[in-house]
Amino acid sequence: MRSPLLDLPGAVAADGIDRDVAAHYGSFNGEQRTLEAGEGFVDLSHRDVVRVSGPDRLTWLHSLTSQHFESLAPKVWTGALILSPNGHVEHAFYGYDDGESFTAHTEPGAAAALVAFLDRMRFMMRVEVGEVTDELAVAWRPSAAADGPYAGYEFVPRDRLTAYAEAAGPAGGLWAFEALRIARGEPRLGLDTDHRTIPNEAGWIGPAVHLDKGCYRGQETVARVHTLGRPPRRLTLLHLDGSENRLPPVGADLLQGDKVVGFVGTSARHHELGPIALAMVKRNVPLDIELTVDGMPVAQEVLVDPEVGLHVRPLR
């Protein structure tokens with residue numbers, strides 16, 4: 001679903017799954033500075049949108065996901081995960097409840113599988129689930145981003161997106177948004193994670209995983225790793241060698257010498273930090289050691305502590 005904002009002067013389309021919105025509008029460094037100053041907006045209308053309605057929706061979502069939905073106040077943004085029985089992250093979505101329905105956005109192309117899963121789990125609950133990407137577009141405004149995790153996003157009627165842009169401008173492109181997101185350490189499911197990722201590795205404990213709630217699928221893994229500590233991998237911010245004018249591809253091997261110790265996810269050029277990337281790194285890799293990716297040396301910065309957890313051990 002191509003964004004009409006790609007017709008704005010200077011717009012250059014992004015690529016891959018983000019190809020339907022603008023990468024930048026002529027100056028991604030300037031756009032980053034504008035966003036960091038709390039001005040402007042970012043067009044994220046390529047992201048999928050789902051809606052859950054019905055009187056049982058919050059109780060039902062509470063039972064299925066990693067988040068505490070039963071006490072969710074209206075218009076408060078939250079993130080939630082759906083895990084496999086073994087605790088691996090299968091779906092991630094972010095949204096709010098307006099008192100009548102819960103609306104959330106997820107990765108481009110991910111809504112169909114999410115809706116299909118949720119629809120199978122309805123049983124006798126009074127809920128309705130559907131994709132509403134054709135009705136609602138997603139945007140992000142930094143002026144609202146300080147209100148908590150996953151705040152700053154907005155749902156805009158898709159047929160009003162151009163009018164919204166005229167009122168909310170100046171527009172910042174996806175490259176600027178991604179540079180700021182990566183610097184904050186916020187992973188994208190399927191890009192910064194793989195099929196083995198558990199929430200403890202990706203910094204989702206707290207923002208998207210509530211540790212004091214009832215049972216849900218995959219909870220046992222989350223609780224065990226949190227209690228015993230030390231998840232097998234950790235999300236890490238990489239600082240790339242800026243001498244080469246390129247960024248590593250998503251999924252590139254992260255090497256310690258000739259040994260693969262992780263993989264690189266999304267990367268971007270930050271206007272102050274230089275080229276940066278998110279990576280999933282094995283827990284036991286020393287933090288002060290230089291690694292390489294795609295032939296480039298990289299330094300590590302802690303996002304998820306490799307020793308995170310309670311470290312409770314049973315008495316002998």
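Among the residues here, Pro142 qualifies as surrounded by 19 or more Cβ atoms within 10 Å (Cβ to Cβ), of a type outside the set (A, V, I, L, M, F, W, C), in the same structural domain as Gln32 (by TED's automatic domain parsing) and over 30 Å from His311 (Cβ atoms). Can you tell which of Glu107, Glu128 is of a type in the set (D, E, K, R), closer than 24 Å to Asp194 by Cα and either surrounded by fewer than 21 Cβ atoms within 10 Å (Cβ to Cβ) or assigned by TED's automatic domain parsing to the domain that holds Ala176 (or both)? Going through Glu107, Glu128 in turn, just one is of a type in the set (D, E, K, R), closer than 24 Å to Asp194 by Cα and either surrounded by fewer than 21 Cβ atoms within 10 Å (Cβ to Cβ) or assigned by TED's automatic domain parsing to the domain that holds Ala176 (or both): Glu107. Within the range 143-167, being at pLDDT 95 or above and assigned to a helix (DSSP H, G or I) holds for Arg158, Asp159, Arg160, Leu161, Thr162, Ala163, Tyr164, Ala165, Glu166, Ala167.
Counting only residues that are over 22 Å from Val225 (Cβ atoms) and in contact with a helix residue (DSSP H, G or I) (Cβ under 7 Å, 6 or more places away or on another chain), the range 55-92 holds 3 of them.
Here Ala73, Ala112, Ala104 are screened, and the one residue that is among the hydrophobic types (A, V, I, L, M, F, W, C) and assigned to a helix (DSSP H, G or I) is Ala112.
Inside the range 204-220, residues that are more than 13 Å from Leu81 (Cβ to Cβ) and outside any loop (DSSP other than H, G, I, E, B) make up a count of 1. Listed by first and then second residue, the pairs linking a residue in the range 208-220 that is under 18 Å from Pro231 (Cβ atoms) to a residue that is among the hydroxyl-bearing types (Ser, Thr, Tyr) and not in a loop (DSSP other than H, G, I, E, B), with Cβ atoms under 8 Å apart and 6 or more places separating them unless they lie on different chains, are Ala208/Thr78.
Going through the range 168-203 one residue at a time, which ones are among the hydrophobic types (A, V, I, L, M, F, W, C) and part of a loop (DSSP other than H, G, I, E, B)? Answer for the range 168-203, where residues must be among the hydrophobic types (A, V, I, L, M, F, W, C) and part of a loop (DSSP other than H, G, I, E, B): Leu189, Leu191, Ile198, Ala202.
Within the range 273-316, the residues that satisfy the criterion of being small (Gly, Ala, Ser) and either surrounded by fewer than 11 Cβ atoms within 10 Å (Cβ to Cβ) or in contact with a His (Cβ under 9 Å, 6 or more places away or on another chain) (or both) are Gly274, Ala277, Ala299, Gly309.
Looking for something part of a loop (DSSP other than H, G, I, E, B) and closer than 19 Å to Asp147 by Cα - is there at least one such residue anywhere in the range 25-37? Yes: the range 25-37 contains one or more residues that are part of a loop (DSSP other than H, G, I, E, B) and closer than 19 Å to Asp147 by Cα. Of the residues making up the range 76-101, those that are closer than 16 Å to Val49 by Cβ and in a strand (DSSP E or B) are Thr78, Gly79, Ala80, His91, Ala92, Phe93, Tyr94, Gly95, Tyr96, Asp97, Ser101. I'd like to know if the range 23-46 contains one or more residues that are closer than 20 Å to Asp119 by Cβ, among the β-branched types (Val, Ile, Thr) and surrounded by 21 or more Cβ atoms within 10 Å (Cβ to Cβ). No, the range 23-46 contains no residue that is closer than 20 Å to Asp119 by Cβ, among the β-branched types (Val, Ile, Thr) and surrounded by 21 or more Cβ atoms within 10 Å (Cβ to Cβ).
Just wondering, is there one or more residues in the range 3-17 that are in contact with a His (Cβ under 7 Å, 6 or more places away or on another chain) and charged (D, E, K, R)? No, the range 3-17 contains no residue that is in contact with a His (Cβ under 7 Å, 6 or more places away or on another chain) and charged (D, E, K, R). Could you check the range 239-272 and list, in sequence order, the residues that are of a type in the set (S, T, N, Q) and crowded, with 16+ Cβ neighbours inside 10 Å? Selection gives Gln256, Thr266, Ser267.
Being over 17 Å from Leu83 (Cα atoms) and either buried (at least 18 other Cβ atoms within 10 Å of the Cβ) or not assigned by TED's automatic domain parsing to the domain that holds Leu64 (or both) is a description that does not apply to Thr197.
The values are calculated or read from the model by the stated rules, or taken from the named source; none is laboratory data. Computed from a predicted model, the values in this text were never measured in an experiment. Every residue, glycine as well, gets a Cβ built from its backbone with ideal geometry; the counts of neighbours run over all protein chains shown.
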